[in-house]
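First the structure, in the form of C-alpha cells, and then the observations on it.
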Amino acid sequence: MIKNRGIAIILAIFTFIAVSILLTISIFYLFGYPLSSIAEHQLYVFLAILAGALVASMVYGRGTKERASNVAKILNNSLGISVEEKVIWKVLNTLDQLPPFVVNKYVKMNINAAEEFKDQIKDQRNKLSDDDLLKIRKIIDTPSEKLQHVLKELYTETDMEQFKILAEPDAKPLIELNLEELKKIID
C-alpha cells in the first residue's frame, strides 16, 4: 500500500494517462487502424479510457492506508472501538464505490438498508467472533446524535461525501431506522 495519499493521487493520474494511451495504441495496432481514424473509432478509445480509469482507481485505492489509520484512531477515540486498519481500508474502499447520490436517495426515501440486506447480514453475523459482535452492539447502542458527530469527524478526516451526507440532520431518521433493524437482526 502507498502510505502517502498525495503520491497515490499522482500515481493514479499517471496510471490513467499511460494505460489509456497504451491501450488505445494497442487496440488500433491490433485491428490495423491508423491513429488518424480515432474519430471514426471512438468506442475503442472510450473503452481504453474506461480501462485506464479502472486501473487508476485500483492504484489510488492503495493510497488509503493513511486514511484508514486516521479513521481507526477516530473510532477508537470517539467510540472506544478498536478496528484493524485493513478492515477499515476494505470498508472505506467499499464506501468509495457507493456514489453519494445513492446515499442521498437512501436518506431522502428513508430506506431500511438493514432490512434489504438482512440475509447477507445474518450470513456475516455467523462468521463474526464474540469480540466483533460486541463492537457492533456498541455501535448499535450508541445514540444517533453521537454517531452523526463521529460521521462528521470521519468526513473531516476523509473528505468522503458519503460521511457528510450521513452526518447531516435529515439523515438522523434513516440512521435510527437502520440501527433498530440491525438490533433485531443481530440479537
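From (1) surrounded by 14 or more Cβ atoms within 10 Å (Cβ to Cβ); (2) over 19 Å from ILE88 (Cβ atoms), pick out the condition that doesn't hold for LYS108.
It is condition (1) that LYS108 fails.
For the stretch 73-97, give me each residue that is within 14 Å of GLU157 (Cα to Cα), surrounded by 16 or more Cβ atoms within 10 Å (Cβ to Cβ) and without any contact (Cβ under 8 Å) to a residue 60 or more places away in the chain.
Listed by number, the list holds a single entry, ILE88.
In the stretch 130-160, what residues are outside any helix (DSSP H, G or I) and closer than 21 Å to LEU92 by Cβ?
If we filter the stretch 130-160 for residues that are outside any helix (DSSP H, G or I), which is where we start, we get 142-143, 159-160.
Answer for the stretch 130-160, where residues must be outside any helix (DSSP H, G or I) and closer than 21 Å to LEU92 by Cβ: THR142, ASP159, MET160.
Looking at this structure, is SER57 small (Gly, Ala, Ser) and loosely packed, with under 15 Cβ neighbours inside 10 Å?
On the way: small (Gly, Ala, Ser): yes; loosely packed, with under 15 Cβ neighbours inside 10 Å: no.
Taking the combined requirement at face value, the residue does not satisfy it.
Does LYS127 count as of a type in the set (Lys, Arg), surrounded by 12 or more Cβ atoms within 10 Å (Cβ to Cβ) and without any contact (Cβ under 8 Å) to a residue 60 or more places away in the chain? Give the derivation first.
Details: of a type in the set (Lys, Arg): yes; surrounded by 12 or more Cβ atoms within 10 Å (Cβ to Cβ): no; without any contact (Cβ under 8 Å) to a residue 60 or more places away in the chain: yes.
No.
What are the pairs, 6+ residues apart or on separate chains, where a residue within the stretch 25-51 that is within 18 Å of PHE14 (Cα to Cα) has its Cβ under 6 Å from a residue that is in a helix (DSSP H, G or I) and not β-branched (Val, Ile, Thr)?
Hits for this filter: ALA48/SER20; ALA48/LEU23; ILE49/SER20; ALA51/LEU23.
Within the stretch 87-131, count every residue that is of a type in the set (Gly, Ala, Ser) and under 19 Å from LEU179 (Cβ atoms). Explain how you work it out, then say what you get.
Of all residues in the stretch 87-131, those of a type in the set (Gly, Ala, Ser) come to 113-114, 129.
After this cut, where a residue has to be under 19 Å from LEU179 (Cβ atoms) as well, the list is 113-114.
Residues meeting the conditions: 2.
Throughout, read-outs are computed from the coordinates displayed, never taken from laboratory work. Predicted model, so just to flag it, every value in this text is computed and none were measured. All Cβ positions, even for glycine, are placed from backbone atoms using ideal geometry, and neighbour counts span all protein chains on display.
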